[in-house]
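Contents: one structure, followed by commentary.
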């Protein structure tokens, strides 16, 4: 099961952030505890030193005094520092305050090298204390007495708890500042992506009218623009495909109707020789027209599938151009259109497929004838310059609108839908010229005419090597 963007964000990034913040909480709590307890311990140690200085002489032996000064000192100490001072005998009995409970620090102090030990713990009543014992010994190391200071940690724990709660609150604020903007930001991605996904599915199902609402001027917005553009182009392609099917159907129906009609005419009774010849002529002409359309469709299919094969050889382009002009010369005369044919006596040979190049010439000249009115002129000029042969075919026809020029070589595209044709002839011709390392350029002015330039490089040493191999 696939995970959503939100789930992946939580698992990969937010979970890591939460773990780090938990480490901060636990680490911070430990540091706060250590800081507060260490401060209490240091304060008690300072007071222990003061007690020893107050009640012991320079040799470390207790001064001769009664319990009154100790009690007064203890009362004052408790009042100021909330610390209880006790004097403990060697057997662990409290001499100055019988209410004090002896803890492990006394035994630890007896065994300690510096005669001091500290203990932190719970007395069992729920009251947590810090207890520190300082053992006083004579110069021979014999036990003399012990001072024990006890401080309640209740206030310290309360202060420590407040600091820890503040730390937790700060971490929660940080976590909220990560989660809330993160979820809001992810929402700005997830919602448009879901809409893009839904729109893409509708487009895939053939609804080319659907569009995505562009929410942001960023990468998501660019993606929305791209999908809208794709939908627009698919709609145009679908429209061109439908026009193509309609056009091809019409183109096929016209010759088929003519062939069928003349076949039926010739099969009824005994037609005279003139009728028979005319009928056969129409049938042959329309059959050739059908064959040309089928070949054009097959060529287009080969181009789409990358199976267009060129039979390359050293050829004379003028010969193929002459052949194309000769094939269409009679038609031009019958339509009262004039050829102006200017070619040099000789041009350099080229590496090409003669049948395919002738196909390009026929296609371009046929278009010029179709779009040129009666009395118009089709000019054909051949030049060679900088090892490039240019065949320029111009007409005085209706021309092509400026908005149609960029797409005139697209498959199925027809700038003028009133003229017969499938709309793939120029696409095929352009692909053939590309396979010949040449190009096909079209310039046109609406109402003036169109000029098509077919360019192909002359045969060079590399081409000679290809022919030899």
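Report, ordered by the first and then the second residue, all pairs with beta carbons closer than 6 Å, sequence separation of six or more or different chains, a first member in region 38-67 that is within 15 Å of residue 118 (Cβ to Cβ), and a second member that is assigned to a loop (DSSP other than H, G, I, E, B) and at pLDDT below 85.
none
Among the listed residues 379, 447, 399, identify the single one that is in a strand (DSSP E or B) and either at pLDDT 85 or above or farther than 30 Å from residue 465 by Cα (or both).
Result: 379 is the single residue among 379, 447, 399 that is in a strand (DSSP E or B) and either at pLDDT 85 or above or farther than 30 Å from residue 465 by Cα (or both).
Looking at region 206-221, which of the residues that are within 12 Å of residue 193 (Cα to Cα) and surrounded by fewer than 12 Cβ atoms within 10 Å (Cβ to Cβ) is nearest to the chain's Cα centre (by Cα)?
The residue in question is 219.
Quick check: anything in region 143-153 exposed (fewer than 14 other Cβ atoms within 10 Å of the Cβ), in the same structural domain as residue 40 (by TED's automatic domain parsing) and in a loop (DSSP other than H, G, I, E, B)?
Checked against the condition, which is being exposed (fewer than 14 other Cβ atoms within 10 Å of the Cβ), in the same structural domain as residue 40 (by TED's automatic domain parsing) and in a loop (DSSP other than H, G, I, E, B), region 143-153 yields no hits at all.
For region 83-104, check the following and say yes or no: at least one residue is at pLDDT 80 or above, part of a helix (DSSP H, G or I) and closer than 13 Å to residue 133 by Cβ.
Yes - at least one qualifying residue is present in region 83-104.
Within region 60-78, does at least one residue satisfy the condition of being at pLDDT below 80 and under 16 Å from residue 130 (Cα atoms)?
Scanning region 60-78 turns up at least one residue that is at pLDDT below 80 and under 16 Å from residue 130 (Cα atoms).
For region 169-208, enumerate the residues that are closer than 14 Å to residue 14 by Cα and touching a residue at least 12 places away in the same chain (Cβ under 8 Å).
Matches in region 169-208: 171, 174, 175, 178, 179, 182, 183, 186.
Which residue is surrounded by the most Cβ atoms within 10 Å (Cβ to Cβ), if the candidates are limited to region 107-122 and must be within 16 Å of residue 156 (Cα to Cα) and free of Cβ contacts under 8 Å to residues at least 40 places away in the same chain?
Here the residue is 119.
Which of (1) under 34 Å from the mean Cα position of the chain (by Cα); (2) within 18 Å of residue 174 (Cα to Cα) is the odd one out, the single condition residue 24 does not satisfy?
(1)
Can you confirm whether residue 292 is in a helix (DSSP H, G or I), in contact with a helix residue (DSSP H, G or I) (Cβ under 7 Å, 6 or more places away or on another chain) and without any contact (Cβ under 8 Å) to a residue 24 or more places away in the chain?
no
Residue under question is residue 140, and the condition is that it be exposed (fewer than 12 other Cβ atoms within 10 Å of the Cβ) and in a loop (DSSP other than H, G, I, E, B); does it hold?
yes
If we keep just the residues of region 176-195 that are in contact with a helix residue (DSSP H, G or I) (Cβ under 6 Å, 6 or more places away or on another chain) and either modelled with pLDDT of 90 or more or crowded, with 16+ Cβ neighbours inside 10 Å (or both), which is nearest to residue 105 (Cα to Cα)?
Per the criteria, the residue is 186.
Here are the criteria: (1) part of a loop (DSSP other than H, G, I, E, B); (2) touching a helix residue (DSSP H, G or I) at 6+ places or on another chain (Cβ under 6 Å). Tell me which single one residue 124 does not satisfy.
All conditions are met except number (2).
I'd like the residue in region 358-381 that is surrounded by fewer than 20 Cβ atoms within 10 Å (Cβ to Cβ) and over 51 Å from the mean Cα position of the chain (by Cα) and, out of all such residues, is nearest to residue 442 (Cα to Cα).
Residue satisfying both the conditions and the ranking: 379.
What is the one condition in (1) assigned to a helix (DSSP H, G or I); (2) more than 30 Å from residue 25 (Cβ to Cβ); (3) free of Cβ contacts under 8 Å to residues at least 40 places away in the same chain that residue 241 does not satisfy?
Residue 241 satisfies every listed condition except (3).
If I ask for residues that are surrounded by fewer than 20 Cβ atoms within 10 Å (Cβ to Cβ), at pLDDT 85 or above and either in contact with a helix residue (DSSP H, G or I) (Cβ under 7 Å, 6 or more places away or on another chain) or not in a strand (DSSP E or B) (or both), which ones from region 450-469 would you list?
Within region 450-469, 458, 459 qualify.
Condition check ((1) assigned to a helix (DSSP H, G or I); (2) without any contact (Cβ under 8 Å) to a residue 24 or more places away in the chain; (3) touching a helix residue (DSSP H, G or I) at 6+ places or on another chain (Cβ under 9 Å)) across all residues:
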residue	(1), (2), (3)
287	yes, no, yes
307	no, yes, yes
324	yes, no, yes
327	yes, no, yes
341	no, no, yes
344	no, no, yes
347	no, no, yes
365	yes, no, yes
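Suppose the filter is in contact with a helix residue (DSSP H, G or I) (Cβ under 9 Å, 6 or more places away or on another chain), surrounded by 12 or more Cβ atoms within 10 Å (Cβ to Cβ) and in contact (Cβ under 8 Å) with a residue 40 or more places away in the chain; does residue 134 pass it?
yes
Please tell me if residue 299 is assigned to a helix (DSSP H, G or I), under 51 Å from the mean Cα position of the chain (by Cα), in the same structural domain as residue 253 (by TED's automatic domain parsing) and closer than 30 Å to residue 262 by Cβ.
Criteria met by residue 299.
The values are calculated or read from the model by the stated rules, or taken from the named source; none is laboratory data. As the structure is a computational prediction, the values presented were derived from the model and not from experiment. Don't worry about glycine lacking a Cβ; one is built from the backbone with ideal geometry, like all the others, and counts go over all protein chains shown.
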